[in-house]
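In what follows, a single structure is set out as structure tokens and then discussed.
The values are calculated or read from the model by the stated rules, or taken from the named source; none is laboratory data. The shown structure was predicted, so the numbers you read here are calculated from the model rather than taken from an experiment. Neighbour counts are summed over all protein chains in view; Cβ atoms, including those assigned to glycine, are modelled from backbone coordinates with ideal geometry. The accessibility values were calculated without ligands, DNA or RNA, using every heavy atom of the protein model including side chains. Shrake-Rupley method; radii C 1.70, N 1.55, O 1.52, S 1.80 Å.
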Amino acid sequence: LHISVSRQAFQEAITPFFIISGVLMTYHGIRKDKIIYCFLSGIFFGIASASKWHGLFPWAVSAAAYLAAPWMIKDYKGDRHIVIRSLNTASAFVIIPITVYIASYMPWLNRGNSIGEFVNLQLWLAKYQHYHKGVSYSEQLLSHSAYQWFLRPVGWVEFVFHQGKGYLNIAMGNFLVWALTLPALYFSMKSWFRNKNFELGYVIAIFLMSY
């Protein structure tokens, strides 16, 4: 049990690190008009998504932000050629992160698994994400829909059997952390509506896309 919990804590720490790194590199790539930063961003988003799939959402927003930046930033001095911009976006935010994502499976592929099995695994993971729920009786006892994270402390209960022994996992979200995002989001959106700041819009879009 302690190994399982420590793995979750480790995973939840490294994924945001790579997401934030990817967002930061995208920002510099846009503002400095240097594609190398976006290539680095693609690497970071590939690692983030290989760690946990919620890296996909800021990855998608960042790709859209880079593509649309010349027409969203007033007096933008970088490249505005749509074809070149599209090719750069495809290279930095499609080819590179997908390559990194697949590369993270190399130890698994080197064990004799085929590309076809890799594709089937990804399809299975997608279905698992869609249908996965907690134990039915814990779902009835402790409702934990995403919107409730902003309203009250939300608990989670899971019963696991491992090597003939039963384990009870009990967890609770940090309500203070979630609640503080609401005034931050309010003031950010208020400021954005007033001056249409690109950076604020970028951050707000990532938040809304993620949740």
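Numbers at a glance
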{"quantity": "Heavy-atom accessible area per residue - the stretch 81-123, 1.4 Å, Å²", "calculated": "61 Å²"}
{"quantity": "Helical contribution to [θ] at 222 nm, DSSP H n ≥ 4, -39,500 (n - 2.57), averaged over the chain, rounded to 500", "calculated": "-22000 deg cm²/dmol"}
{"quantity": "Flagged links, alpha-carbon separation over 25 Å, of Lys127/Lys165; Lys32/Lys74; Lys52/Lys190; Lys34/Lys196; Lys32/Lys190; Lys77/Lys196", "calculated": "Lys127/Lys165; Lys52/Lys190; Lys32/Lys190"}
{"quantity": "Environment charge at Gly29 (Cβ cut-off 13 Å; Lys +1, Arg +1, Asp -1, Glu -1)", "calculated": "+2"}
{"quantity": "Shape category assigned to the chain from the gyration tensor of Cα positions, a/c cut at 1.5", "calculated": "oblate"}
